[in-house]
Amino acid sequence: MAASRPSRSVSARDISIGCERLDGAGSWDTLEWTKIEPVTRSVSHANFEFLLEAERVLDEGHGVVLVNTDEAGTLFVTNFRLLFLVVKIQSTSRNTNKSSSRRLLQIIGKDMRIIVFCFRPRTKQRRAIFDALSRCTKPERIWDLYAFTCGPSKFSNLSPKVRLLNEYFRLLGKGFHHASMRMIEDGSFTMSNDSWRISDINFNYSLCQSYPFALLVPKSVSDDEIIQASNFRARSRVPAVSWCNPETGAVLARSSQPLVGIMNTRSTADEKLVAALCAQLIDGKDSRRKLYIADARPRKNALANGAMGGGSESSSNYFQSEIVFFGIDNIHAMRESFARFRDYLDTHGAASSDGMSSFLRHGGWTWGGGNLSSMSASVSTLGDSGWLIHVQSVLAGSAWIAARVALESAAVLVHCSDGWDRTSQLVSLANLMLDPYYRTFTGFQALVEKDWLAFGHPFSDRVGMPSISGSSFELSRNASSTGSFSSSPLRQSSGSSQASNSSHAQNNYSPIFLQWVDCVSQLLRIYPFAFEFSSNFLVDFLDCVLSCRFGNFLCNSEKERQICGVDESCGCLWAYLADMRSSEGRSHAHYNLFYDTLKHNGPLLPPAAALAPTLWPQFHLRWACPFESQAGELEAECRNMAIKFSELQKAKEVAEMKAKEYLAAMEILNVDLQNEKQVSSSAMNLAKRASKENAAIQRAVQSLGCRVNFTNSSDSTVDVESSLMETSQRLSLPRRESEYTMEHNDRSDLSVSITVDADDVAPSSSPLGQVCETLCPLRTQGRGCQWPDAACAQLGSQFIGLKANFDAFDRLSIYDRYFKSE
């Protein structure tokens, strides 16, 4: 098997047969490219080693041509994705030129991809593939999605409720507390500080079905007042705290539009709740901070909603307030803009869905899909899509909110119509600018789970996935059986087609979350040192969101996910991404090499001039312009250099450790050498002392008129010759192991024992004994020699007492100083 192309998530929400586009639900989301060479026409499903757990093949088509790349192969539809196995076989029958007999199937993806497959006529393979895709994109139950079929596997999901409470604790300055399911069950999570508290008023979702089970609200407002205020807000989405500064007291809150209607209705409870957001203590006195109410809609839209019972606040009803309109269009405008943007990339890309390079589309060397005279037209087409304008509007609104909170310590309340689309974009992006914590992996997860998942962004409707009430979209089919390319085939605007085939009310798909991630990528481009994660992480993150492989982004609210048992039944996207990063550590492509915690440890407040967005190459261009999409090549090269530097750093550390070990060994050897020198010096000193003691013994013996001779043998033989005796008595001095030993304390026992060879010689008859008794002035009358207990030994006399067998002298030690050294 040859190397496979990178697996990327793609939606099958838009499927067309022939040249007609069809709208369908998008539960099937992934297209993987795998090349096998050579391969037979019959491919066994058992040989699909690349199939994921619980993934199974539903249908297949042989001899299918991928028009985008003009490659033939086998197309498989699984319960999770499409697999296209490219067969590298020369074929002269394949013809992708204009023909009325071709059977075409177009798949338009949420990840900017437009794919066209060509089937052989009269095989009914296109019908089978389309029906299989229809079953996948419109399952009868949400539990038929691959995320539930696969199960959590090794990517188990800790309860998002626990993570939400931990984020609330952090905002309250009580990060040392750690939430648990037991804390949720017994209701002990309702903590507070001086200004804010965690309320469990929505624990059973009785207050608002699209809000989280716990809300961060002003401490001075009771739960009963919150219930009263909820009646004044659309879908009961009352003002709730999204972020607060524990030092300045500045707060960022969110809600839905007020139900003022054309009669300009007021609510005392709502006004009190909003006023509590502005309360602050200065020198122990209550004060009010400036309140900004940021309405994300255009002013005219807000007025139109007023005619239907909605509308916007009046600054006269909210003390010290200012109303600001950001003019961001609704979900339908975003959907149509994204469709035009996608068509532009497919039309003017290096490779498009018709298999023809944009340089050759009109039969000559052209630029941007036309001749040189059409340059301005091509650029205007990109501008006409409006996508970058919308991105800039969201960025500018978020930067304005962040500046009011950071620079003025103001209170900002953000809402749109329902408070779950544009509000989520603005609030979460402002949080990202304000708090460096949200620019880390852990903080980014907490931000998404708080402001998008917990506060009820309807992912099932917006991303195009089925909800617990059934599929979000209808999948229709146009009975066109043949397909042919026009001069610019398949160029009908997807936005205009959708607008003509279905009303806005029937189609709630909109790339709101994708647009927000696009805004994050723009901030990452402007501030490359401020984010722990890289653009590659954002791309993989989006692919996982669109893939339906994990349960985090299923359903429309926290309540629906709880009903479906998503946490227990599906895998966790965050655990999957963390597992990817753990394989390579900080050298993984998800890590930003330039991240510096000290460079941007405060809020990011980009000026308006810096908020000019550009294409996000890694995401927007990866299919239409794969070579140009490698804007991250420089980053990849830097990453390789960083890896090499890290390896060299590790080698340096190993070398330094070895050098330290060698130095430690040398120090030990030096200490041992010094000890040996000391021992040698001590031995030499002891030897000298022993020599002196021997000389002293020799002189003492000679003082008795005897002559002593020492021999160099194991037993030192002493010959004693005396003028008083005619015969000489041979004495033997045996040297034992304990004799002549030396210790480090300079006190060794050097003992000499003198024994008479003849054991039967009595002390009184010994010539030396007689000499001692005769000459010793200290002997006792009637008693024999008492040496070494006698007084002569105590006084260090030159007289030496000898007794039978000389066992007393055998106990004599040279160190006892019986003889004075000279």
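The values are calculated or read from the model by the stated rules, or taken from the named source; none is laboratory data. Being a predicted model, the structure only gives us computed values, none of them experimental. Every residue, glycine as well, gets a Cβ built from its backbone with ideal geometry; the counts of neighbours run over all protein chains shown. The area values use the complete protein model at the heavy-atom level, side chains included, leaving out ligands, DNA and RNA. Shrake-Rupley method; radii C 1.70, N 1.55, O 1.52, S 1.80 Å.
Here are some residues: E676, E637. Which one is under 26 Å from the mean Cα position of the chain (by Cα), open to solvent by 70 Å² or more (accessible area, probe 1.4 Å) and over 26 Å from F338 (Cβ atoms)? Answer to the selection: E637. When the helices (runs of 4 or more DSSP H) confined to region 156-237 are screened for residues that are in contact with a Phe, Trp or Tyr (Cβ under 7 Å, 6 or more places away or on another chain), those reaching at least 2 such residues are found at 160-171.
Out of D224, D186, D131, D200, I need the residue that is under 30 Å from I108 (Cβ atoms), of a type in the set (D, E) and open to solvent by 20 Å² or more (accessible area, probe 1.4 Å). Which one? Selected residue: D131, the only one of D224, D186, D131, D200 that is under 30 Å from I108 (Cβ atoms), of a type in the set (D, E) and open to solvent by 20 Å² or more (accessible area, probe 1.4 Å).
Close contacts from region 545-573, counting a first residue that is touching a residue at least 24 places away in the same chain (Cβ under 8 Å) and basic (K, R) and a second that is open to solvent by 10 Å² or more (accessible area, probe 1.4 Å) and assigned to a loop (DSSP other than H, G, I, E, B), with Cβ to Cβ under 6 Å and a gap of 6+ residues or different chains, come to K559/Y205; K559/Q209. Among the residues of region 254-283, the ones that are assigned to a helix (DSSP H, G or I) and of a type in the set (D, E) come to 2 in all. Filtered by the rule that a residue be surrounded by 13 or more Cβ atoms within 10 Å (Cβ to Cβ), at pLDDT below 85 and among the basic types (K, R), region 88-126 gives K88, R94, R102, R103, K110.
Counting only residues that are acidic (D, E) and open to solvent by less than 10 Å² (accessible area, probe 1.4 Å), how many does region 422-447 have? Of the residues in that region, 0 qualify. If you go through region 619-636 one residue at a time, do you hit one that is modelled with pLDDT of 90 or more, assigned to a helix (DSSP H, G or I) and not acidic (D, E)? Yes, region 619-636 contains at least one residue that is modelled with pLDDT of 90 or more, assigned to a helix (DSSP H, G or I) and not acidic (D, E).
For M181, the conditions (1) open to solvent by 30 Å² or more (accessible area, probe 1.4 Å); (2) outside the structural domain of S267 (by the TED database) are fulfilled apart from (2). Only residues that are within 27 Å of C519 (Cβ to Cβ), assigned to a loop (DSSP other than H, G, I, E, B) and open to solvent by less than 30 Å² (accessible area, probe 1.4 Å) were counted in region 310-351, giving 5. The test for being at pLDDT below 95 and assigned by the TED database to the domain that holds A214 holds for S460.
Here S242 does not fit the description of being part of a loop (DSSP other than H, G, I, E, B) and in contact (Cβ under 8 Å) with a residue 12 or more places away in the chain. Looking across region 338-363, just one residue is at pLDDT 85 or above and of a type in the set (G, A, S), and that is A339. Hey, does region 406-416 have a residue that's assigned to a helix (DSSP H, G or I) and in contact with a helix residue (DSSP H, G or I) (Cβ under 8 Å, 6 or more places away or on another chain)? Within region 406-416, one or more residues are assigned to a helix (DSSP H, G or I) and in contact with a helix residue (DSSP H, G or I) (Cβ under 8 Å, 6 or more places away or on another chain).
Residue-by-condition table, conditions (1) of a type in the set (D, E, K, R); (2) touching an Asp or Glu at 6+ places or on another chain (Cβ under 7 Å):
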site: S220; (1), (2): no, no
site: D223; (1), (2): yes, no
site: S230; (1), (2): no, no
site: A234; (1), (2): no, yes
site: P239; (1), (2): no, no
site: S242; (1), (2): no, yes
site: E247; (1), (2): yes, no
site: K272; (1), (2): yes, yes
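For the criterion of being open to solvent by less than 20 Å² (accessible area, probe 1.4 Å), within 17 Å of D194 (Cα to Cα) and modelled with pLDDT of 95 or more, V238 fails.
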